[in-house]
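The values are calculated or read from the model by the stated rules, or taken from the named source; none is laboratory data. These numbers come from a predicted model, not from an experiment. With ideal geometry, Cβ positions are generated from the backbone for all residues, glycine too; neighbour counts draw on all protein chains shown.
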């Protein structure tokens, strides 16, 4: 390893980000991948943050708002924010965050420990052409200062380019957001079954039009649950923009999305960090979104199948259907295994969370 690399306080780990940097900045040998995303912002921010961290003059500040996972604003010596860093070992349930509470009551089994940072990276990968505006995000290894002491900590985590803003959606009425902007974010949330979308994690930016503001979606550690669940009612389900017919650009985008491409991309980039149950969820929600749009449903109407507005723990239509299909798929698989005399296999692949491809097809249908 080159001497310069050894001295790094922040190192890019995401293969696609390293590939972008190798190709566009020619500072290392490319690592071949079958897709490309724009990582210009995150590579620049990573280099800038690394320089300040190595000088020992970077500042790490925790946000005022309490969060389930550890979150740090990485700033230069002038307190100009560079990026947001979310360490894996400070996620809910991890040793670095022993006092954190369960993120969503009753959902613990749907989210595996230590995967939130990788879900943050997956969110950017799945936001093709930056359709919803998810900020550039990559996995890094970082040595960062601990705000509450004079020490430092080291670990893997999600590194996201900081977004200047004038508040969040809680501070504004929905009338200042464009229909297309809201529909793009709603499309993203439905496709990844986002279980943590509220007005507080929709940042607001000014635009050239003084009457219009732009929404920037952040906080995507709780997307792609390991099984289909009923997420809390998102902020945009109460906004008029999602009841309107789809904007042509949004409809075209939804029609262009292909699960097979996304599945291959996530497996290539994040390997075993995104589990088979999460990929199954993505397949189901992608199918639902595309099918709903094909028959002329609005995003609000599709949302009614996905979310539950009740205060209790009532299941959504989608969760009920997924539970029924999954149970039927398990019975089908067990019957096939019995017929093929595969009982010698200790537990079926389904018991380990991975179903046979034919059973996956059966469940989605």
(request) Tell me, please, whether a residue that is buried (at least 21 other Cβ atoms within 10 Å of the Cβ), under 22 Å from the mean Cα position of the chain (by Cα), in contact (Cβ under 8 Å) with a residue 40 or more places away in the chain and not assigned by TED's automatic domain parsing to the domain that holds residue 112 can be found in segment 287-294. (result) no
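Filter segment 300-312 down to the residues that are in a helix (DSSP H, G or I) and farther than 16 Å from residue 325 by Cα, then identify the one that is nearest to the chain's Cα centre (by Cα).
So, considering only residues that are in a helix (DSSP H, G or I) and farther than 16 Å from residue 325 by Cα, the one nearest to the chain's Cα centre (by Cα) is 303.
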(request) Among the numbered conditions (1) crowded, with 22+ Cβ neighbours inside 10 Å; (2) over 28 Å from residue 85 (Cα atoms); (3) under 16 Å from the mean Cα position of the chain (by Cα), tell me where residue 259 comes up short. (result) (1)
(request) Could you please find all residues in segment 105-118 being under 12 Å from the mean Cα position of the chain (by Cα) and surrounded by fewer than 24 Cβ atoms within 10 Å (Cβ to Cβ)? (result) 115
(request) Taking the options 297, 265, name whichever one is buried (at least 17 other Cβ atoms within 10 Å of the Cβ) and in a loop (DSSP other than H, G, I, E, B). (result) 297
(request) Could you please find all residues in segment 264-302 being at pLDDT 95 or above and in contact with a strand residue (DSSP E or B) (Cβ under 9 Å, 6 or more places away or on another chain)? (result) none
